[in-house]
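A.B. asks: Below is the structure I would like to discuss, written out as structure tokens.
The values are calculated or read from the model by the stated rules, or taken from the named source; none is laboratory data. Given the structure is predicted, the values throughout are model-derived calculations rather than measurements. Here the Cβ positions follow ideal geometry from the backbone for every residue, glycine too, while neighbour counts run over all protein chains shown.
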Ligand code: LHQ
């Protein structure tokens, strides 16, 4: 139910249940978790793309499945470890939103570091339409990405938002034509994969921490992160390239 492939420093993770619009099952969660762990560990991988097979990105929980009736446990066992694993990957993770992202499928996109959307994509906080609440980090990421007022509006009204609308309120990094979607995502992902990976990982780690920290703590995090970044090969290369007036070649080390 999950496809995993790597090329040009990028791991491509594809949700692959197109006939159900890539709705999540417990099997899919297990496969997703191992794909994310693989991408995190593989040193050749310097960027991760998550996308959907067929016309949808992900329609959230499979509503037709005979899953555990204890939804709390479904979240604790399936979704929450996935979100934690995704956020713990110290590499850029891009949601390539090829089509509709609904319910926990939208949450998955929100937990990524970037969202690149096809002009055919849409976002829908579908939970409310089945009498549920946003989950899988949705209540954490949504207000942080779009602000409290917009997040309340989206979560409570559950209206479908087009890729263009999502771009307007900052949910999406860029909207690209469906015809060139895969190439555009690839170009973006390869660009990220050729950047100073360690520094990106540190930015991600401490940007996330900044939400639950005060200024004194953040200043110290920056000092810690900068000490680490300052010791990387990529920092040395960046400075050398600058002095030699050439383009740097970063290796992620
Ligand atoms: C589906 C699904 C789906 C099964 C489309 N399941 N078959 C966490 C923990 C525990 C419990 C509960 O929930 C959660 C978190 C959640 O994610 S709750 C929210 C769950 N998701 C939804 O409520 C979204 C349900 N889907 C939709 O609203 C629509 O399908 C969207 C807006 C995504 C797309 O609409 P359309 O483009 O019109 O497609 P469609 O509705 O015709 O769907 C195509 C097929 O996919 C259809 O099957 P069929 O056999 O008739 O062709 C759907 O039944 C199936 N499908 N989503 N989540």
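A.B. asks: Between residues in region 60-82 that are within 15 Å of residue 136 (Cα to Cα) and residues that are within 6 Å of the ligand (Cβ to nearest atom) and outside any loop (DSSP other than H, G, I, E, B), which pairs lie under 7 Å by C-beta distance while being six or more apart or on different chains?
C.D. replies: So the pair list comes out as 60/102; 60/104; 60/126; 61/104; 62/20; 79/104.
A.B. asks: While we're looking at this one, here's another question. For region 1-89, which fully contained strands (runs of 3 or more DSSP E) count at least 2 residues that are under 17 Å from the mean Cα position of the chain (by Cα), away from the ligand (no atom under 16 Å from the Cβ) and surrounded by fewer than 19 Cβ atoms within 10 Å (Cβ to Cβ)?
C.D. replies: 2-7
A.B. asks: Does residue 151 count as more than 19 Å from residue 57 (Cβ to Cβ), in the same structural domain as residue 53 (by TED's automatic domain parsing) and in a helix (DSSP H, G or I)?
C.D. replies: Spelling it out, residue 151 is indeed more than 19 Å from residue 57 (Cβ to Cβ), in the same structural domain as residue 53 (by TED's automatic domain parsing) and in a helix (DSSP H, G or I).
A.B. asks: On to the next question. Collect the residues in region 110-131 that are part of a helix (DSSP H, G or I) and within 12 Å of the ligand (Cβ to nearest atom), keeping them in residue-number order.
C.D. replies: At the first step, the residues of region 110-131 found to be part of a helix (DSSP H, G or I) are 110-111, 126-130.
Selection gives 126, 127, 128, 129, 130.
A.B. asks: Let me ask you something else. For residues in region 225-248 being surrounded by 11 or more Cβ atoms within 10 Å (Cβ to Cβ) and touching a helix residue (DSSP H, G or I) at 6+ places or on another chain (Cβ under 8 Å), which is nearest to residue 202 (Cα to Cα)?
C.D. replies: Ranking the qualifying residues of region 225-248, first place goes to 225.
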